[in-house]
Amino acid sequence: MAKQVKKSKQELSKLQNLTKGFLKENPIFVFLLGMCPALAVTSTLETSFGMGVLVIFVLVLSNVVVALIKDFIPKEVKIPSYIVIISTFVTIVGMLTEAYAPLLHESLGIFIPLIVVNCLILGRAESYASKNNVLNSAIDGLGMALGFMFALMAIGFVREFMATGAIAYGVFLPLPFEGSIVNLETYLFNIAVFSGPAGGFIVIGTLLAIYNGFEIRKQKKAELERQKLIEEKKRIALEKKRQRELESAGGKA
Amino acid sequence: MSWTIFFTAIISSMLINNVVLLRFLGVCPFLGVSKKTESGLAMSIAVMFVMVMAALVTYLLYYLVLVPLNIEYIQTIAFILIIASFVQLVEMFIKRFSKKIYKSLGIYLPLITTNCAILGVAVANISENFIDYGTLPGLALAVTTAFGAALGFGLIMFSFSTIRERLESANLPESWKGVPVALVTAGIMALAFLGLAGIV
Amino acid sequence: MLDKLKIALVLLVIGSMSGLLIWGTNELTADRIEENRERARLAVYVEMFPDVDVNKMVFDSVEGSNIVEIITMLDSDNNLLGYALRGSHNNPFGVVNVVIGVDRNNSIIDVKITETDNTPTYVSLLPNFLRNLRSQDIRDVSYDTSTGATSTYNSVRSIIEDAKLLVAGDTILEAYQEVISAAASYQLLFEFSDETFAIEYLIKDDAGQRIGYAYHATVDGKELALIVDQDDTFLGFVGIGHSDLDSAFTAFEDYQDTAIKDITLDVSGSLEDQIATVFEAVQTLLTTTMHATYDNLVRFFEVFDDSDELIGYAYIGRAEGYNGDNVMKVTINLDGEFVKLEELSTNDTPNFFDLAFSAFEPFYGQTSISQDDAIDGYAGASASGASLYLIISSALSYHAERMAE
């Protein structure tokens, strides 16, 4: 039984592999990877989404390529090769963004080339793609990047909502439909500081604390259940022992 | 152009556009290493060294190689390779030069490659068009800006590590302990730094 | 050795693959990126001159000044819309790039900071200062005292000061001087929504006296002006910034120095016919309406009822409101009573303008309005209200003066 659990932990099903990035192994909330873009580009929901899309693209492709050529790369030049691969894709993504979504390119600015040094991407290449096959690496990349995007968008939503009382769409992205603003009618509570640097730190800190709160509660529950289980087992063992004693006593008798 | 421009460049990149608090560069090491004052300082010194050298080399590379060859678009890949190999070089040099310094700095050096403050400052130096001042003054300005940015990084690492030592012993709700409260504290510091915006 | 060779080979392959990919993407996107950058670069001009034809912009670079470039703005019919002056100034905190839009009357359309690395919080203070520059004459600009963003604002000022020197040469004035040598300045009177001719200017000599009127129109894609003196004597046609139509103008030389009302044209030729249409439209305007010689008035004309009975006079006036000039029509009946106020054009904020407008309705039926009475009504919309008051009171006193004669 114990052996089986251990095995399934190592080899997650494809679905689990995809969904683990959202909460269980969320790059931002759990591993604190890629904090710089998480702070810098999340002043609106749409830029967060845009950054998320770019990271999906780069992470999936770099994971696939790393998994493809992992056997050919000598150990000594592993990291430099990964960096070259990642920065190739980042450069390509940067060019495509500038060509097809110039406003997004302008609003993300310096943080597009900085995807290169997003620890999340190098981290996944080093710790997952270099040890797994192509399909799993692609799924892992997609899952992790989706989790990253999910976290960015959560932060972006809170910040834009707090700062402007509305959520705008179609401003930075070349969406096929007319852009607009979803007004949430909270003019009384517009706090502009949330779109600034200070707001970024505070929102992420608070979201992290909320996430931790849930995790801690879950852990406590699990702990409680585990203790209950142990007590139950103890009780059963005790009962069995007693019964055996009784039986042996009865046998003797 | 007068000498004051270098002074304002330092003040501006150190305080007004502080890398960590206002430009969000180098947040990872800021959260990861700043628990102890000593390690924070050691990290800052390593960062300063690499940042200044990287600014120098990337600026020269961009204007002496990439621009004449008309391949500005490989900027990102060229810069990160320069930085990575530079970090490697520094590591080897320090290892050879002094075992003691290597022991205290060494573990941070590989981390510096993925410190986005280094690449960020190098890229920003190019997009600020310092070249408008002429090649050599532009280079000097780029290096000064990098030096100021590194000073700003060090300042934040130092002051924040002292705050965090106090936070460690503070009585906090369990879910706020560690990084969450550190982030909120950083937010309050960022608010304070916004107030410096007017000094130049 | 073999290991090292292998490492080198692998790195070479990775490097060349990545180089190939990046080069390919660059080939694919370079044109589009260039186009986007170009569009982003021109966006600021299109915002200032919404009617501009992007393909007809003429870029002239300037040296030895804070102004880098002058861009001439033409619309799709080749009408001159104005100029954009792009300037750049270095202050201790970095560079400030500014675009100044100036319309054909030398009045500032807008001043925009397109790029700067000065402290953002301070730059964000500037729009208030820049706002007040709008619709000022660039040759006689007055600046607000700036507090808080001194360096950046001083950079903007030095750029505007240099722009001033460059717009001193004035194509419209030069054209007028060919016909009236005493012409020293000109002033926008009225913009017609009419298709035949577009704009009426008042021409003044250097003592500020009215010496003539100019009516601008476009014929065959070229802008021309018909010029009359202060007594509506026809003085001739002139091309604005070109002499392409001069041969067609000769057909009209015979009619020069005659009162425009008394002229009956007899010209032939296709260009000449088009010019004659303009001539006749101006003739009709000047026969049916008269110039009003007060500062805030443009013209007046008689108003008739359905049975062609004269019931009063209408005065058209213009005065500076909150955001550019307000142009209004004031109707006064035969008893000299103010009976109606109508809006012809305004750029003021609708809410404030409407507030100011309705403040004058209680004065219907009066022969004069004192400012003290009016000001209570338009409190809260003082810029719009003051301009309406100027127009109405000028109309009333001009009317009284005319009736006394």
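The values are calculated or read from the model by the stated rules, or taken from the named source; none is laboratory data. Computed from a predicted structure; not experimentally measured. Here the Cβ is made from the backbone with ideal geometry for all residues, glycine too, and neighbour counts use every protein chain on show.
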query = If you take the residues of the stretch B:133-176 that are in a helix (DSSP H, G or I) and without any contact (Cβ under 8 Å) to a residue 60 or more places away in the chain, which of them is farthest from C:Asn90 (Cα to Cα)?
reply = B:Glu174
message = Pull out all pairs, ordered by first then second residue, where Cβ-Cβ is under 9 Å, the residues are six or more apart or on different chains, the first lies in the stretch C:68-91 and is on the phi > 0 side of the Ramachandran plot, and the second is assigned to a loop (DSSP other than H, G, I, E, B) and surrounded by fewer than 19 Cβ atoms within 10 Å (Cβ to Cβ).
response = C:Asn78/C:Asp53; C:Asn78/C:Gly221; C:Gly82/C:Asn105
message = Need pairs with beta-carbon distance below 9 Å; first residue free of Cβ contacts under 8 Å to residues at least 40 places away in the same chain and within 7 Å of chain C (Cβ to nearest Cβ) and within the stretch A:72-100, second acidic (Asp, Glu) and in a helix (DSSP H, G or I); sequence gap 6+ or separate chains.
response = A:Pro74/C:Asp3; A:Glu76/C:Asp3; A:Glu98/A:Glu106; A:Ala99/C:Asp31; A:Ala99/C:Glu35
key: Subset of the stretch A:101-129 that is within 30 Å of A:Lys75 (Cβ to Cβ) and within 14 Å of chain C (Cβ to nearest Cβ) - its residue that is farthest from the chain's Cα centre (by Cα)   = A:Pro113
message = Looking only at the stretch A:130-144, how many residues end up being outside any loop (DSSP other than H, G, I, E, B) and either within 14 Å of chain C (Cβ to nearest Cβ) or among the small types (Gly, Ala, Ser) (or both)?
response = 4
query = Within the stretch B:66-75, is there a residue that is buried (at least 19 other Cβ atoms within 10 Å of the Cβ), within 14 Å of chain A (Cβ to nearest Cβ) and without any contact (Cβ under 8 Å) to a residue 24 or more places away in the chain?
reply = yes
request  = Please list, ordered by first then second residue, the pairs with beta carbon atoms under 8 Å, 6 or more apart or interchain, first in the stretch C:297-317 and free of Cβ contacts under 8 Å to residues at least 60 places away in the same chain and within 20 Å of C:Gly365 (Cβ to Cβ), second assigned to a loop (DSSP other than H, G, I, E, B) and charged (D, E, K, R).
outcome  = C:Ile311/C:Asp305
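In the stretch C:287-332, which residues are of a type in the set (Phe, Trp, Tyr) and closer than 20 Å to C:Leu390 by Cα?
If the condition is that a residue be of a type in the set (Phe, Trp, Tyr) and closer than 20 Å to C:Leu390 by Cα, then C:Tyr294, C:Phe300, C:Phe301, C:Tyr313, C:Tyr315, C:Tyr322 are the ones that fit.
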message = Go through the stretch B:109-164 and report how many residues are within 12 Å of chain A (Cβ to nearest Cβ), within 24 Å of A:Ile79 (Cβ to Cβ) and not polar (S, T, N, Q).
response = 11
inquiry  = Criterion first (within 14 Å of chain A (Cβ to nearest Cβ) and under 30 Å from B:Thr135 (Cβ atoms)) does B:Ala55 satisfy it?
reply    = no
request  = Could you tell me whether the stretch B:86-95 includes any residue that is without any contact (Cβ under 8 Å) to a residue 12 or more places away in the chain, out of contact with any Ser or Thr (no Cβ under 9 Å at 6 or more places or on another chain), surrounded by fewer than 16 Cβ atoms within 10 Å (Cβ to Cβ) and within 11 Å of chain A (Cβ to nearest Cβ)?
outcome  = no
message = I'd like the full set of residues that are over 27 Å from A:Thr97 (Cα atoms) and free of Cβ contacts under 8 Å to residues at least 60 places away in the same chain, limited to the stretch A:115-130.
response = A:Ser127
key: Per-region count, the stretch A:30-54, residues of a type outside the set (Phe, Trp, Tyr) and away from chain B (no Cβ under 14 Å)   = 6
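Only one residue in A:Leu114, A:Leu104, A:Leu120, A:Leu108 is surrounded by 20 or more Cβ atoms within 10 Å (Cβ to Cβ), at pLDDT below 90 and in contact with a Cys (Cβ under 6 Å, 6 or more places away or on another chain). Which one? Can you show your working first?
Working: A:Leu104 fails: in contact with a Cys (Cβ under 6 Å, 6 or more places away or on another chain); A:Leu120 fails: in contact with a Cys (Cβ under 6 Å, 6 or more places away or on another chain); A:Leu108 fails: in contact with a Cys (Cβ under 6 Å, 6 or more places away or on another chain).
Just one listed residue meets the conditions, A:Leu114.
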query = So which residues in the stretch A:16-67 are surrounded by fewer than 22 Cβ atoms within 10 Å (Cβ to Cβ) and acidic (Asp, Glu), if there are any at all?
reply = A:Glu25
inquiry  = When the residues of the stretch C:202-219 are narrowed to those that are touching a residue at least 60 places away in the same chain (Cβ under 8 Å) and surrounded by 18 or more Cβ atoms within 10 Å (Cβ to Cβ), which ends up farthest from C:His291 (Cα to Cα)?
reply    = C:Thr218
